[in-house]
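Presented below is the structure to which this report refers.
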Amino acid sequence: MNSLKFECYLLLSVLILSLFGCDKEETVQGYYIKNLKGLDLEKIQVYEFSLDSALLFGFRDQKIWIGLFDNHTKKQLHEWESLNVYKEKEYKIDYGRTITWNIEGIDCLLKTDLGYVCYSRGISYGEDPYGGGYPTLGPDLFFFKHDENIIYVNQPEKFITANVCGLLAWYNGSIVSGSSNVNESIVYSMEGEKITNLKYSPNRINDIPVSYTEGIRINRGYVVDRYDYQTGKSIWETSLEKVQADALMTVDTIKRTEEIWEFTCDITNKDGSKEQIKFTLNIKNGMLTYI
């Protein structure tokens, strides 16, 4: 009888320990992942994008998995997973050659008000003029939003290496993806859907979107214009007469109405002197007024 009681007690202890163990966070590369089930631990990569936060990239049951972690506590804050199994893709390139893209991680993260966007990082194999067998960026884009647990994966039909981190937050929560080996950029929604093509890429410094295809450009050389990125033409153009042509500028939008925008412009002149100007701009006709 005592032996039976002991065995029952032992079995009960094991069951209790196993139940507590189910909720225990496990450490992978120093980070506490809440649920390791289905994760391929050998392929997990760490991407530290700030002093406070890091992303872990990997595969769960052959789907893309990304976790957001606190860099101080190493605790998991959020996780996302792709809807479908991620498959290697073959691309036909020039001269009848074919390459296979093998993803190994992520890079060039862009944080927006709605969430995150990043390029894939991996290795291409085959008759590849872009440096096959060496790590490179692209062509996949991953979109994951703050309030969801889904990764939207965009795998383009054409293989394009993103040799520069050409991601830019754009109009109405969209993003612009550019590349150094093609002239045009593409505007995407945060669900990974293509909105439109741009023949000319917006500049991440001082280009402010008015629509998916147009923006206000405040450039060195004291020129302000409303620019159409599909045609490459200015709709109107004016000048900041109080700014020297070789000055450096940082521009902030203070207020916006449907037609009138208010700006502050911090200026550093070539001799090192600094100044600030304020002005309003009618984005319909280009009328500029100093405040």
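List of remarks:
- So Thr196, is it among the hydroxyl-bearing types (Ser, Thr, Tyr), more than 21 Å from Thr280 (Cβ to Cβ), surrounded by 14 or more Cβ atoms within 10 Å (Cβ to Cβ) and at pLDDT 90 or above: yes
Here's the yes/no breakdown for (1) among the basic types (Lys, Arg); (2) at pLDDT 95 or above; (3) in contact with a helix residue (DSSP H, G or I) (Cβ under 7 Å, 6 or more places away or on another chain); (4) within 19 Å of Tyr227 (Cβ to Cβ):
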site: Leu248; (1), (2), (3), (4): no, no, no, no
site: Thr253; (1), (2), (3), (4): no, no, no, yes
site: Glu259; (1), (2), (3), (4): no, yes, no, yes
site: Glu262; (1), (2), (3), (4): no, yes, no, no
site: Asp266; (1), (2), (3), (4): no, no, no, no
site: Asn269; (1), (2), (3), (4): no, no, no, no
site: Ile277; (1), (2), (3), (4): no, no, no, no
site: Leu281; (1), (2), (3), (4): no, yes, no, yes
site: Thr289; (1), (2), (3), (4): no, yes, no, no
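- When region 204-228 is filtered for residues that are farther than 26 Å from Lys270 by Cα, not in a loop (DSSP other than H, G, I, E, B) and not charged (D, E, K, R), the ones remaining, listed by number, are Pro209, Gly215, Tyr227.
- Counted residues, region 145-160 - those being among the acidic types (Asp, Glu) and closer than 19 Å to Lys63 by Cα: 1
- Scoring Val187 on the criteria (1) closer than 25 Å to Asn285 by Cα; (2) touching a helix residue (DSSP H, G or I) at 6+ places or on another chain (Cβ under 9 Å); (3) not charged (D, E, K, R) leaves a single failure, condition (1).
- Residue within region 127-143 that is farther than 20 Å from Ile186 by Cα, modelled with pLDDT of 75 or more, of a type outside the set (Phe, Trp, Tyr) and over 13 Å from the mean Cα position of the chain (by Cα) present: no
- Scanning region 224-260 for residues that are under 18 Å from Tyr200 (Cα atoms) and in contact with a strand residue (DSSP E or B) (Cβ under 8 Å, 6 or more places away or on another chain) gives Val224, Asp225, Arg226, Tyr227, Asp228, Tyr229, Gln230, Lys233, Ser234, Ile235, Trp236, Glu237.
- Filtering region 28-45 to residues that are surrounded by 14 or more Cβ atoms within 10 Å (Cβ to Cβ) and touching a residue at least 60 places away in the same chain (Cβ under 8 Å) leaves only Gln45.
- Residue count for region 235-246, restricted to those that are among the acidic types (Asp, Glu) and either at pLDDT below 85 or under 33 Å from the mean Cα position of the chain (by Cα) (or both): 2
- Of all the residues in region 74-122, those that are assigned to a strand (DSSP E or B), of a type outside the set (S, T, N, Q), surrounded by fewer than 17 Cβ atoms within 10 Å (Cβ to Cβ) and more than 20 Å from the chain's Cα centre (by Cα) number 5.
The values are calculated or read from the model by the stated rules, or taken from the named source; none is laboratory data. Note that the coordinates shown come from a computational prediction; the quantities given were computed from them, not determined experimentally. Note that each Cβ is placed from the backbone with ideal geometry, even for glycine, and that neighbours are counted across all protein chains shown.
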